[in-house]
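J.: There's a structure below that I have some questions on.
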Amino acid sequence: MIRRYGEAPVRRQRYVMRPGVYVILPRGRDVLLTYQEQPHDEFQLPGGGIDPGEGAIQALHREVFEETGWRIATPRRLGAFRRFADMPEYGIHAEKLCHIYLARPVRAHGAPTEQGHHAVWMNQTDAAEHLYNAGDSAFLTAWTRFQHGGRA
């Protein structure tokens with residue numbers, strides 16, 4: 001069973017399955033996040049939906065570049081969680097199946113190409129507290145504790 005984070009689904013609400021890929025990008029004790037201005041001001045792990053006909057790794061590279069301007073290397077899947085979300089920008093309510101990866105940030109190639117996104121480096125502990133959704137925060141917290149011998 002895949003753990004659910006966030007709000008419970010609303011009875012009688014139709015949800016569209018929306019698989020996505022998201023990534024923890026560490027550099028020292030910092031992690032690269034994306035700050036999204038719309039539809040809510042929020043910090044997120046870089047990533048997003050897998051388009052039809054696109055593989056997960058291909059989507060991960062595309063989404064990270066669009067949201068941060070960075071290229072990444074050696075992505076490795078850590079796990080998955082699900083959450084239910086209203087996605088007004090797509091006109092849907094979604095059951096999001098969020099696959100979480102760990103990768104190495106290689107190099108910035110410029111500003112994010114996705115409007116309203118900004119690349120932000122933040123201390124891993126602070127990032128876990130500022131991430132918009134609880135699933136992203138739980139994965140980052142667990143990974144940080146693992147990296148530091150059980151201490152965040």
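J.: Only residues in the range 57-69 that are hydroxyl-bearing (Ser, Thr, Tyr) count as the first member; pair them with residues that are surrounded by 24 or more Cβ atoms within 10 Å (Cβ to Cβ), Cβ under 7 angstrom, at least 6 apart or cross-chain, and list the lot.
T.: Once the first residue is hydroxyl-bearing (Ser, Thr, Tyr) and sits in the range 57-69, its partners that are surrounded by 24 or more Cβ atoms within 10 Å (Cβ to Cβ) give Thr68/Leu32; Thr68/Thr34; Thr68/Pro46.
J.: Something else: Please find, among Leu131, Leu78, Leu140, the residue that is more than 16 Å from Leu33 (Cβ to Cβ), within 15 Å of the chain's Cα centre (by Cα) and hydrophobic (A, V, I, L, M, F, W, C).
T.: Leu78
J.: Further question on the same structure: Does the range 82-89 contain at least one residue that is open to solvent by 50 Å² or more (accessible area, probe 1.4 Å) and outside any strand (DSSP E or B)?
T.: yes
J.: In addition: When you scan the range 70-79, do you find a residue that is at negative phi and in contact with a Gly (Cβ under 9 Å, 6 or more places away or on another chain), even just one?
T.: No, because not a single residue in the range 70-79 is at negative phi and in contact with a Gly (Cβ under 9 Å, 6 or more places away or on another chain).
J.: From the set of residues in the range 37-66 that are touching a strand residue (DSSP E or B) at 6+ places or on another chain (Cβ under 7 Å) and of a type in the set (Asp, Glu), which is surrounded by the most Cβ atoms within 10 Å (Cβ to Cβ)?
T.: Selected residue: Glu63.
J.: Next up: I need a count of the residues in the range 67-81 that are in contact with a helix residue (DSSP H, G or I) (Cβ under 8 Å, 6 or more places away or on another chain), open to solvent by less than 20 Å² (accessible area, probe 1.4 Å) and over 26 Å from Pro9 (Cβ atoms).
T.: Result for the range 67-81: 1.
Conditions tested, residue by residue: (1) touching a Cys at 6+ places or on another chain (Cβ under 6 Å); (2) of a type outside the set (Asp, Glu); (3) closer than 16 Å to His109 by Cβ.
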position: Val16; (1), (2), (3): no, yes, no
position: Tyr22; (1), (2), (3): yes, yes, no
position: Leu33; (1), (2), (3): no, yes, no
position: Gln38; (1), (2), (3): no, yes, no
position: Ile57; (1), (2), (3): no, yes, no
position: Val64; (1), (2), (3): no, yes, yes
position: Gly69; (1), (2), (3): no, yes, yes
position: Ile72; (1), (2), (3): no, yes, yes
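J.: Right, next: Whether any residue in the range 47-57 is aliphatic (A, V, I, L, M), under 22 Å from Thr144 (Cα atoms) and either at pLDDT 95 or above or part of a strand (DSSP E or B) (or both) is what I want to check.
T.: no
J.: Is one or more of the residues making up the range 24-36 of a type in the set (S, T, N, Q) and open to solvent by 30 Å² or more (accessible area, probe 1.4 Å)?
T.: Taking every residue of the range 24-36 in turn, none turns out to be of a type in the set (S, T, N, Q) and open to solvent by 30 Å² or more (accessible area, probe 1.4 Å).
J.: Can you say whether Arg3 is open to solvent by 70 Å² or more (accessible area, probe 1.4 Å), at pLDDT 95 or above and of a type outside the set (Val, Ile, Thr), as far as the supplied structure shows?
T.: Answer is yes for this residue.
J.: Which residues, counting only those in the range 109-152, are farther than 20 Å from Asp41 by Cα, open to solvent by 70 Å² or more (accessible area, probe 1.4 Å) and in contact with a Phe, Trp or Tyr (Cβ under 8 Å, 6 or more places away or on another chain)?
T.: Selection gives His109 alone.
The values are calculated or read from the model by the stated rules, or taken from the named source; none is laboratory data. Treat the numbers as computed from the prediction; the structure is a model and nothing was measured. Backbone-built Cβ (ideal geometry, glycine too); neighbour counts: all protein chains shown. Accessible surface areas use protein heavy atoms only, side chains included; no ligands, DNA or RNA. Shrake-Rupley method; radii C 1.70, N 1.55, O 1.52, S 1.80 Å.
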